Structure formats: C-alpha cells, structure tokens
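Step one of this worksheet: look at the structure below.
The values are calculated or read from the model by the stated rules, or taken from the named source; none is laboratory data. Fair warning: this is a prediction, and the values are worked out from it, not measured in the lab. So basically every Cβ, Gly included, is an ideal-geometry build from the backbone, and we count neighbours across all protein chains shown. Keep in mind that these areas ignore ligands, DNA and RNA; they rest on the heavy atoms of the full protein, side chains included. Shrake-Rupley method; radii C 1.70, N 1.55, O 1.52, S 1.80 Å.
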Amino acid sequence: MTIRVLVAEDQSSVRAGLVLILGSAPDIEVAGEAADGEEAVRLARELRPDLVLMDVQMPRLDGVEATRQVVAERLADVLVLTTFDLDEYVFGALRAGAAGFLLKNTEARDLIEAVRTVARGEGMIAPAVTRRLIAEFAAPASRAPAVRPAALDALTRREREVLSCIGEGLSNAEIAGRLAMAEATVKTHVSRLLGKLELRSRVQAAVLARELGV
C-alpha cells in the first residue's frame, strides 16, 4: 500500500529535502506540498492524504492550529516536525491530536520509518522528546490532559491492558503478541479506549498511561 504524504514546511530548501527523502521510499508518495498552515489545511481537504508532515512554525497559520483543524476534520494523521527549543508548540500539537513528533535533525531513514509507523496507526515520539512531554503532562498544571483516574473505570480489563502497553510504547503487533490476540483486535481496542477517554491520538493515550501509572 502506498502512503500518500502532504509535506507542510515554509522553508523551501527544507521542504525540498523532505520531499526528496520521502520520494526515495518505494511505498511513499508525496501527494502535495504546502508553504504555510492555511495551505496545508486546504490541501489536506482537497487531496485527502494519509498523513501530513507538519512543521510547527509557519506563516499565516501555525502548525499547531493547522494540526487541530486537520485532526478535527479527520482529514489525515499528522506527524509534527519540531526542535528542542519549541516545547510550547510540542505541547500544543499534542493537545491538538498530533499522532507523532519528530525532530528536524532526524536521519532520513528514521523519517521514512516514522511516516510508516504513523501510517500504520501507531503514534510515535522522538526519544529525545518523550521524557519532556511526560514530565510536562504529569505535572499538576492546566495543560495536563483532563482525564482523571476515575475515567479509567469506563474501560474494560482488556482495554486497560492495551492502554498499559501503549504507555510502554509497544506497537500494535507487539501488543498483540504480549496479550495473545489478533492485531486487528488490538486496533479495535485502541479505537474504543480513545473514544471512551475522549482522546484524539495514541500519543495522548501513551502520556496519560504514564501519568496515571496504568
């Protein structure tokens, strides 16, 4: 299956590099390019890609708001490009429902694999970002996910087990192996628990699982 990607990056040289890298993968097709957030949302509506590779700092409409609109309209999954010194954007993109976070200095092969991972429905966070995200959202601040431990009561035993595995960073295939169930069944459990907890992405679920110690 070919993964159709929309690349949203305002710096033309960086965008060209991303397009070149993604185009080198036989299973990835660059469906379009956007130079700002407004164009990214417009093209997502028009092209319906599988995934949007979204820079956070862009003119007219920043990547966080663009991510929020793309996710809210269920146009595509969003993989956000970030840097170490842009925490506020990372947190905003997480709340907006981004499916993954990748550092701009990521190696080409890791970028391609990240796109494949998110396209499979499995969230991902660059290892260097993970600890800071969890530390921030585990803190008693207004930015923390609005889900209390009691909300977990709505989950079935199996859904709690799946949530725990997500918190460990396991893929659907790895969860299937650990819990002795079909991978398709894992996907169903993930979808249901996200709905019950009113979360927009698997990444939010992973942070929540760590925060609540599931």
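Table for the structure above
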| quantity | calculated |
| --- | --- |
| Overall Cα dimensions of region 1-112 - principal axes, largest extent first, Å | 34, 30, 23 |
| Region 187-208 and region 106-120: distance between their alpha carbon centers, rounded to Å | 21 Å |
| Probe 1.4 Å, protein heavy atoms only - accessible area per residue of the chain in square angstrom | 47 Å² |
| Ellipticity estimate at 222 nm from DSSP helix runs (n ≥ 4, -39,500 (n - 2.57)) divided over the chain, nearest 500 | -16000 deg cm²/dmol |
| Region 1-112, accessible surface, carbon-and-sulfur percent (1.4 angstrom probe) | 46 percent |
| Using alpha-carbon coordinates, inclination of helix 87-96 to the longest axis of the chain, degrees | 70 degrees |
| Residue-by-residue Karplus 3J(HN,Hα) for region 158-168, coefficients 6.51, -1.76, 1.60, Hz, glycine and proline x | 5, 5, 5, 5, 5, 4, 4, 5, 4, x, 7 |
| Lys/Arg +1, Asp/Glu -1 at C-beta; the chain dipole; positive extreme among Leu18, Ser164, Leu152 | Leu152 |
| Sulfur and carbon atoms: percent of accessible area, region 163-209 [1.4 Å] | 47 percent |
| For region 1-51 and region 53-99, distance of Cα centres in Å | 14 Å |
| For region 63-127: rounded, prolate or oblate by the Cα gyration tensor [a/c cutoff 1.5] | oblate |
